[in-house]
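These notes are about the structure you will find just below.
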Amino acid sequence: MTGLPRRLGLVGLGLMGASLARAARAVDPGLFIVAVEPREDYRNQALADGLANEVAAAPGPLLAGCDLTVLCTPVAAIEALLGPVSRLLPDGAVLTDVGGAKEGLVKRARAEVRPGVAFVGAHPMFGGHGGQAGAAAAAGRWRSGTVAVCTDGDPAAVELVAAFHQALGATVVRCSAAEHDAAVAMVSHLPYLLASALATAAAQAGPLARALAGPGLKDTTRLAEFPFDIQGEVARRNAHLPAAAATLQAGLTSLLAAVTASPEAARAALEQARLAREELF
């Protein structure tokens, strides 16, 4: 099928890797998939579910025939795998990833990915809930999701990665790594920090606050559930996060001033916020 590789390599079978395998298998049941995963139970499950044709515990010769390989691990592991995995791939192969911070990764790839292999940064914007793992994998994540594909790499490789995600049903947004990080600082990484700060403040507010906490607090602190290795490691790598936080701080100060000024000012400010959310979603 157009957009799919002849042989797909997946390094990591957690939530994103297993979901990607399911999405690819749903589109082309005959696609040959090689999966690398250190956890034996995940490897066995992938074989039992038909998500992979061959599996290995660590990157090795099985990847030698893959024309497209996707690094589906936490971002710190992606950084460590760039060079070693690229040296296992054939000339002309494309290496990509699913990490949430791109600017530093793309720069690192330029230095560490071997000549003859093209790296293209990509970021599926549908990571799920904190604590989810491979058991929660679903092909539908791609069919209803958006994937950012960074345009910093070789143009032909960029289009190959974009076509791959489009073939799985995703909407592809092309942007530079810097543009990506500036955008997700506001819409992904800052919400994670905000949820974390609110969860900490609420937990310190005393037993009555805990007893009265309801679904609203649960919803607004959901992102704080993410393990540090999944979201914290990503957020701390985004150089645009301090500017996004400063923008939010200024907005919160302005909103608080309106709320305490008068009923009219409070209504105007909060109605504007409600309309902004409607526009976003």
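The values are calculated or read from the model by the stated rules, or taken from the named source; none is laboratory data. Remember, predicted model here, so these are calculated numbers, not experimental data. Here Cβ is always computed from backbone atoms with ideal geometry, including for glycine, and neighbour counts include all displayed protein chains. Surface accessibility is based on the protein's heavy atoms, side chains included, excluding ligands, DNA and RNA. Shrake-Rupley method; radii C 1.70, N 1.55, O 1.52, S 1.80 Å.
Only helices enter the 222 nm calculation for the chain: every DSSP H run of n ≥ 4 contributes -39,500 (n - 2.57), and dividing by all residues gives -14500 deg cm²/dmol, rounded to 500. When only the Cβ of Lys, Arg, Asp and Glu is charged (+1, +1, -1, -1), the dipole of the chain relative to its Cα centre reaches about 240 debye.
Let me make sure I get this right: for the range 41-119, a, b and c are the square roots of the gyration tensor eigenvalues over alpha carbons, sorted descending. Under 1.5 in a/c it's rounded, otherwise prolate if a/b > b/c, else oblate. Which is it? It is oblate, given that a/c is not under 1.5 and a/b is not larger than b/c.
Taking a ≥ b ≥ c as the square roots of the eigenvalues of the alpha-carbon gyration tensor, the chain is classed prolate because a/c is 1.5 or more and a/b outweighs b/c. With the highest mean first, a sort of the peptides 142-149, 249-256 on other beta-carbon atoms found within 10 angstrom per residue produces 142-149, 249-256.
The Rg/Rh ratio of the range 1-160, with both radii computed over alpha carbons and Rh defined as the Kirkwood radius, is 0.92.
When only alpha carbons are used to place a centre, the range 64-102 and the range 1-62 end up 14 Å from one another. In the chain, the portion of solvent-accessible area held by carbon and sulfur atoms comes to 59 percent [1.4 Å probe, whole percent, DNA, RNA and ligands not counted].
Among the trypsin sites (Lys or Arg not before Pro) in the range 213-281, those located in a DSSP loop and surrounded by at most 15 other Cβ atoms within 10 Å of their own Cβ are R236. With the charge dipole of the range 153-281 set up from +1 on Lys and Arg Cβ and -1 on Asp and Glu Cβ about the Cα centre, the Cα lying farthest toward the positive end among the listed residues N238, P227, Q166 is that of P227.
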